[in-house]
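Written below as structure tokens is the structure these notes are about.
The values are calculated or read from the model by the stated rules, or taken from the named source; none is laboratory data. Source: prediction; values computed, not measured. Because the Cβ atoms are built from the backbone with ideal geometry, glycine has one as well, and the counts that use them run over all protein chains shown.
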Amino acid sequence: MRRHVSLELAADPAGVDEAARRVVALLDRVAPDVAFACELAVAEACANIARHGFAGTAGRMRVVARASDARLAVAICDRAPVFAGSAPPMPPAEAEGGRGLPLLAACMDRVRWFRTDGENRLLMARRLDVC
């Protein structure tokens, strides 16, 4: 069974929470640890857009997620300044930051960023084993 959600949200804490909540709601028959990892990835990606992409100024983000019994795919798009990221290794424990992008890579099977049509686009996917 396929489920999907398409959201246009403010790039702020309320938008981050709404995106994570709505995406994880698609995963009602997924093991709790897998659902948590997917929720964490969406929340971290959206928080990065709000915190770093728009740097606290007003902005919008679009979140589209599709879930089947086998896979979750999420696209998160924004018109913040150019970001063509990659997931660096996890920083040392004493580091004060730098865990966001490695966390996305750890939570999802596939993470890819690119810029097209004036948008930053983050595509993430994870295999699901439905209970």
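Which ones in region 45-55 are part of a helix (DSSP H, G or I) and buried (at least 18 other Cβ atoms within 10 Å of the Cβ)?
Ala45, Cys46, Ala47, Asn48, Ile49, Ala50, Gly53, listed by residue number.
Please work out which one of (1) farther than 19 Å from Ala106 by Cβ; (2) among the aliphatic types (A, V, I, L, M); (3) at pLDDT 95 or above is the condition Ile76 fails and give its number.
(1)
What is the one condition in (1) modelled with pLDDT under 95; (2) over 9 Å from the mean Cα position of the chain (by Cα) that Val64 does not satisfy?
Against the list (1) modelled with pLDDT under 95; (2) over 9 Å from the mean Cα position of the chain (by Cα), Val64 comes up short only on (1).
Is it the case that Ala58 is assigned to a helix (DSSP H, G or I), out of contact with any Phe, Trp or Tyr (no Cβ under 8 Å at 6 or more places or on another chain) and at pLDDT below 95?
No: the conditions fail for Ala58.
For the condition outside any helix (DSSP H, G or I), touching a residue at least 60 places away in the same chain (Cβ under 8 Å) and buried (at least 17 other Cβ atoms within 10 Å of the Cβ), what is the one hit in Leu27, Leu9, Leu40?
Unique residue meeting the criteria: Leu27.
Count, please, the residues in region 1-33 that happen to be of a type in the set (Val, Ile, Thr) and over 14 Å from the mean Cα position of the chain (by Cα).
Residues flagged as of a type in the set (Val, Ile, Thr) and over 14 Å from the mean Cα position of the chain (by Cα) within region 1-33 amount to 1.
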